[in-house]
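Presented below is the structure to which this report refers.
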Amino acid sequence: MSIAFETVAGLFGVAVVAGAVDAIAGGGGLMTLPALLLAGLDPVSAIATNKLQGSAGSVSATIAFARRGLIRWREAGPAALGAGLASVGGALCVSLLPRPVLDALVPLMLVGIALYFATARRMSNEDAAARITPGLFAVTLAPAVGFYDGVFGPGAGSFYMIGFVTLLGLGVVRATAHTKLSNAASNLGSLALFTLQGAVIWPVGLAMAVGAFLGAQVGSALAARLGARLIRPLLVVIACAMALRLLSNPANPLRQAVAGFFS
């Protein structure tokens, strides 16, 4: 497809901002996916191309956090591997899973995550006692979120984050770093499948990937410097914004159920 240079330049700018936000608290797809749809891409191509720029942003943030020594590879590596493999399975099973169930449940889960981070007492940069072992995490929650990321995607970063904080007891900054590694793995896994299917619009995706990579460098630096003071409020805002964005779709079954109840 033919896309004007001005449109590609605009998408690059959107990707820079989204990459910075995504590196801190996730949710960058709230900006990039609607922008791709407005640029004229069909839904499948928009989702596939968005995975390309999302992969670049999450890989960039992972590199930045790793340089600061914030990733413990023995813990984070197996979780990322489980998430990446599961995301391929999720992408393969898109047509087999009940999408309306996800459409209804995900906004509720995002609101629950926002409430948790808004009210949790311990939201510091220091690690606490883990509730489960990293090995168990790598074969349970990490692949579950990775599979979901391959099937649907919105909120995956928030789901990883709450797992690292609540189950593994990581401080906010380290949990953000581990989240970016797992997010990169699940993005790359589903991107591989979309690439094989020929769904990625490469000129647009590569331009946005460069923007996302640069933005993620800025966002990860801010996250490492400001820690919980920045990450906690942004997590709350982004989770609520994602929930509202999903509920803004008139076809969302949860929205329809609530509207039917009040009518």
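The values are calculated or read from the model by the stated rules, or taken from the named source; none is laboratory data. As the structure is a computational prediction, the values presented were derived from the model and not from experiment. Here the Cβ is made from the backbone with ideal geometry for all residues, glycine too, and neighbour counts use every protein chain on show. Remember, those area values only see protein heavy atoms, side chains included, never the ligands or the DNA or RNA. Shrake-Rupley method; radii C 1.70, N 1.55, O 1.52, S 1.80 Å.
Conditions tested, residue by residue: (1) more than 18 Å from the chain's Cα centre (by Cα); (2) open to solvent by less than 30 Å² (accessible area, probe 1.4 Å); (3) of a type in the set (A, V, I, L, M).
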| residue | (1), (2), (3) |
| --- | --- |
| Val16 | no, no, yes |
| Gly28 | no, yes, no |
| Gly54 | no, yes, no |
| Ser60 | no, yes, no |
| Ala64 | no, yes, yes |
| Glu75 | yes, no, no |
| Ala80 | no, yes, yes |
| Val101 | yes, no, yes |
| Pro107 | no, yes, no |
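Hey, which of the helices (runs of 4 or more DSSP H) in segment 1-97, taking only ones fully inside, have at least 1 residues that are modelled with pLDDT of 95 or more? Walk me through how you get there before you give the answer.
Values: elements: 5-25, 29-38, 43-67, 73-92.
Passing ranges, in order: 5-25, 43-67, 73-92.
Within segment 45-76, how many residues are of a type in the set (Gly, Ala, Ser) and in contact with a Leu (Cβ under 6 Å, 6 or more places away or on another chain)?
Number satisfying all stated conditions: 3.
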Look through Leu41, Leu11, Leu33 and report the one residue that is open to solvent by 30 Å² or more (accessible area, probe 1.4 Å) and touching a residue at least 12 places away in the same chain (Cβ under 8 Å). Leu33
From Arg229, Arg245, Arg255, which residue is among the basic types (Lys, Arg) and touching a residue at least 12 places away in the same chain (Cβ under 8 Å)? Arg245
If I ask for residues that are modelled with pLDDT of 90 or more and outside any helix (DSSP H, G or I), which ones from segment 151-197 would you list? Leu167, Leu168, Gly169, Leu170, Gly171
Restricted to segment 116-142 and to residues being touching a Leu at 6+ places or on another chain (Cβ under 7 Å) and farther than 22 Å from Gly69 by Cα, the residue modelled with the lowest pLDDT is Phe117
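Condition test on Gly169, is it open to solvent by less than 10 Å² (accessible area, probe 1.4 Å), farther than 10 Å from Ala79 by Cβ and in contact with a Lys or Arg (Cβ under 8 Å, 6 or more places away or on another chain)? Give the steps one after another, and end with the answer.
Working: open to solvent by less than 10 Å² (accessible area, probe 1.4 Å): yes; farther than 10 Å from Ala79 by Cβ: yes; in contact with a Lys or Arg (Cβ under 8 Å, 6 or more places away or on another chain): yes.
Yes: the conditions hold for Gly169.
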Restricting the search to segment 112-126, which residues are in contact (Cβ under 8 Å) with a residue 12 or more places away in the chain and either surrounded by 15 or more Cβ atoms within 10 Å (Cβ to Cβ) or of a type in the set (Ser, Thr, Tyr) (or both)? Ile113, Ala114, Tyr116, Phe117, Ala118, Met123, Ser124, Asn125
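Is there a residue being open to solvent by 50 Å² or more (accessible area, probe 1.4 Å) and in contact (Cβ under 8 Å) with a residue 60 or more places away in the chain anywhere in segment 127-135?
Initial filter on segment 127-135 (open to solvent by 50 Å² or more (accessible area, probe 1.4 Å)): 127, 129-131, 133.
So of that shortlist, the ones also in contact (Cβ under 8 Å) with a residue 60 or more places away in the chain come out as none.
No.
Can you confirm whether Gly260 is part of a helix (DSSP H, G or I) and open to solvent by less than 40 Å² (accessible area, probe 1.4 Å)? Full working, then the answer.
Details: part of a helix (DSSP H, G or I): yes; open to solvent by less than 40 Å² (accessible area, probe 1.4 Å): no.
The answer is no for Gly260.
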Residues (under 15 Å from Ala80 (Cα atoms) and over 14 Å from the mean Cα position of the chain (by Cα)) located in segment 165-196: Leu168, Arg174
Which numbered condition trips up Val200, out of (1) in a helix (DSSP H, G or I); (2) surrounded by fewer than 24 Cβ atoms within 10 Å (Cβ to Cβ); (3) under 20 Å from the mean Cα position of the chain (by Cα)? (1)
